[in-house]
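The values are calculated or read from the model by the stated rules, or taken from the named source; none is laboratory data. In this text, all values refer to a predicted model and were calculated from it rather than measured experimentally. When we count neighbours, we look across all protein chains shown, and the Cβ atoms used for this are built from the backbone with ideal geometry, even at glycine. Keep in mind that these areas ignore ligands, DNA and RNA; they rest on the heavy atoms of the full protein, side chains included. Shrake-Rupley method; radii C 1.70, N 1.55, O 1.52, S 1.80 Å.
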Amino acid sequence: MLMSRGTFDDVPLATLFPQLPPADMEAMRVVADAVDAARVKEDVPQWEWAPGHAVCPGPRPGVAVVLMADVIVHADGGDQLEFWLQVFWTDEGQIAVNAAVNVACWCETDHATHDIDELTLVVDEARSLAQAFAAGSERLVGWLVDPHDADYWRNRAALPPRWTR
């Protein structure tokens, strides 16, 4: 799916979430501003969205991402630490918000990456999209103030540290 990219002000919230009340759209903009303010200095505040996923695409392999922010921190030696916030469709056809911390794998068996910490909230009668987005964003902002050292996060998950080659 082709993703569009730009600032959060460019995100067509009314197109992506046609049932979302205007007050919730404004709440999401305020929260997105907090995410952008917490980004690492080198990271340009960009968001990605897929207008083709505004309607649930039905069962399919992979995640149908509607909106996302991705903060990647690169280190010498090919190491990587990634923080993200996604609004996506679940396999059951529900909209959900996911926030995660991900590190490059340095295990003997290459797993590519590992999710270190993750929060997923499904939108339902008890939780609006704006509430789930705010909770995921709050978690992301909290992670972004933690060390930007992938080995710090690997240590939290009892994963092997980066190899020195």
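Scoring Pro45 on the criteria (1) under 23 Å from Phe8 (Cβ atoms); (2) open to solvent by less than 30 Å² (accessible area, probe 1.4 Å) leaves a single failure, condition (2). Could you list, in sequence order, the residues of the range 107-121 that are out of contact with any Asp or Glu (no Cβ under 8 Å at 6 or more places or on another chain), closer than 21 Å to Trp143 by Cβ and modelled with pLDDT under 95? Once the filter is applied, which keeps residues that are out of contact with any Asp or Glu (no Cβ under 8 Å at 6 or more places or on another chain), closer than 21 Å to Trp143 by Cβ and modelled with pLDDT under 95, the range 107-121 yields His111, Ala112, His114, Asp115, Ile116, Asp117, Glu118. Residue count for the range 25-74, restricted to those that are touching a Lys or Arg at 6+ places or on another chain (Cβ under 6 Å) and among the β-branched types (Val, Ile, Thr): 1.
Yes/no per residue for (1) in a strand (DSSP E or B); (2) within 9 Å of the chain's Cα centre (by Cα); (3) under 20 Å from Gln131 (Cα atoms):
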| residue | (1), (2), (3) |
| --- | --- |
| Leu67 | yes, yes, yes |
| Val73 | yes, no, no |
| Gln80 | yes, no, no |
| Gly93 | no, no, yes |
| Ala99 | yes, yes, yes |
| His111 | no, no, no |
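Checked against (1) open to solvent by less than 30 Å² (accessible area, probe 1.4 Å); (2) touching a helix residue (DSSP H, G or I) at 6+ places or on another chain (Cβ under 9 Å); (3) within 30 Å of Cys56 (Cα to Cα), Ala104 meets all criteria but (3). Number of residues in the range 9-29 that are within 22 Å of Ile72 (Cα to Cα) and either open to solvent by 30 Å² or more (accessible area, probe 1.4 Å) or free of Cβ contacts under 8 Å to residues at least 40 places away in the same chain (or both) equals 3.
Looking across the range 64-101, the residues that are over 27 Å from Thr15 (Cβ atoms), in contact (Cβ under 8 Å) with a residue 12 or more places away in the chain and loosely packed, with under 14 Cβ neighbours inside 10 Å come down to Gly77, Gly78. Residues of the range 5-42 that are more than 17 Å from the chain's Cα centre (by Cα) and farther than 14 Å from Leu129 by Cα: Asp9, Asp10, Pro12, Thr15, Lys41, Glu42.
Looking at the range 82-91 only, could you name the residues that are acidic (Asp, Glu) and under 14 Å from the mean Cα position of the chain (by Cα)? Answer for the range 82-91, where residues must be acidic (Asp, Glu) and under 14 Å from the mean Cα position of the chain (by Cα): just Glu82. Please go through the range 122-150 and pick out each residue that is more than 23 Å from Gln19 (Cα to Cα) and either among the aliphatic types (A, V, I, L, M) or open to solvent by 40 Å² or more (accessible area, probe 1.4 Å) (or both). Hits for the range 122-150 are Glu138, Arg139, Leu140, Val141, Leu144, Val145, Asp146, Pro147, His148, Asp149, Ala150. For the range 120-155, the set of residues classified as more than 17 Å from Glu82 (Cβ to Cβ) and among the hydroxyl-bearing types (Ser, Thr, Tyr) consists of Ser128 only.
Gly58 satisfies every condition listed in (1) at negative phi; (2) outside any strand (DSSP E or B); (3) small (Gly, Ala, Ser) except (1). Taking the range 1-24 as the range and being farther than 17 Å from Phe88 by Cα and touching a Pro at 6+ places or on another chain (Cβ under 7 Å) as the test, only Thr7 passes.
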